[in-house]
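Contents: one structure, followed by commentary.
We did not get these values from a lab; they are worked out from the coordinates using the rules stated. Being a predicted model, the structure only gives us computed values, none of them experimental. Note that each Cβ is placed from the backbone with ideal geometry, even for glycine, and that neighbours are counted across all protein chains shown.
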Amino acid sequence: MILLRKQQGSTLLVALVMLVLLTLIALSAMNATTTSIQVVGNAQFREEANTAAQQGIEQIISSNFTAFPAASSVAVTFGAASYTAQVEVPTCTSSIGLTNADLNPVIAADAVCLGSGAAVDTGIVGATGVVAASAQSWCYKQNWDIRATVADSNTGANTAMHQGVFIRVPAGTGCPS
């Protein structure tokens, strides 16, 4: 009996230690889950900001921005989240003359640009149906750089994006100053 009395408190002590260890493991798992949720949320905000910047750029590209290049703000909404893309003034980087060899007469956008003083009949395609390749076309290829930024104070998401685009313009059209 004396031996039993010395061991009566050890079961309680082992149970308390196990309970403390299980509590620490549960707290650690909760903290890891909370951190993971924050990381995923921040990635979502960043992707939404990137998409908002891209939509701002696409809205400018789909307009006639070369006539009067100007900065603009584009509002974009994703569910309950709203972002504003600040699009800088589009910048013309080059205006290059195209030759007939650069064009495909089967494509309607290219066909209007074909021109040749050496071709017979229509002035566009020779009697043999061959385009005078070395002749200057009636179009230039202008390269533009369009930049957009999004900075959201609610989520802390910040992004900057730029996209290059080329546009056909009438021959002789230079880059605006």
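Couple of notes before you dig in:
- Seen from Asn42, the other residues with C-beta closer than 14 Å to its C-beta sum to a net charge of -2, counting Lys and Arg as +1 and Asp and Glu as -1.
- J(HN,Hα) series, the stretch 62-78, from Karplus relation 6.51 cos²θ - 1.76 cosθ + 1.60, nearest Hz, glycine and proline x: 6, 9, 8, 6, 6, 5, 9, x, 8, 6, 7, 10, 10, 7, 10, 10, 10
- Taking every Cα-Cα distance in the stretch 3-170 and sorting them into 5 Å bins from zero, the calculated P(r) comes out as 1, 8, 11, 10, 8, 7, 8, 7, 6, 6, 5, 4, 3, 3, 3, 2, 2, 2, 1, 1, 1, 1, 0, 0 percent.
- The relative contact order of the stretch 14-122, computed from alpha carbon pairs under 8 Å that lie at least 6 residues apart in sequence, is 16 percent.
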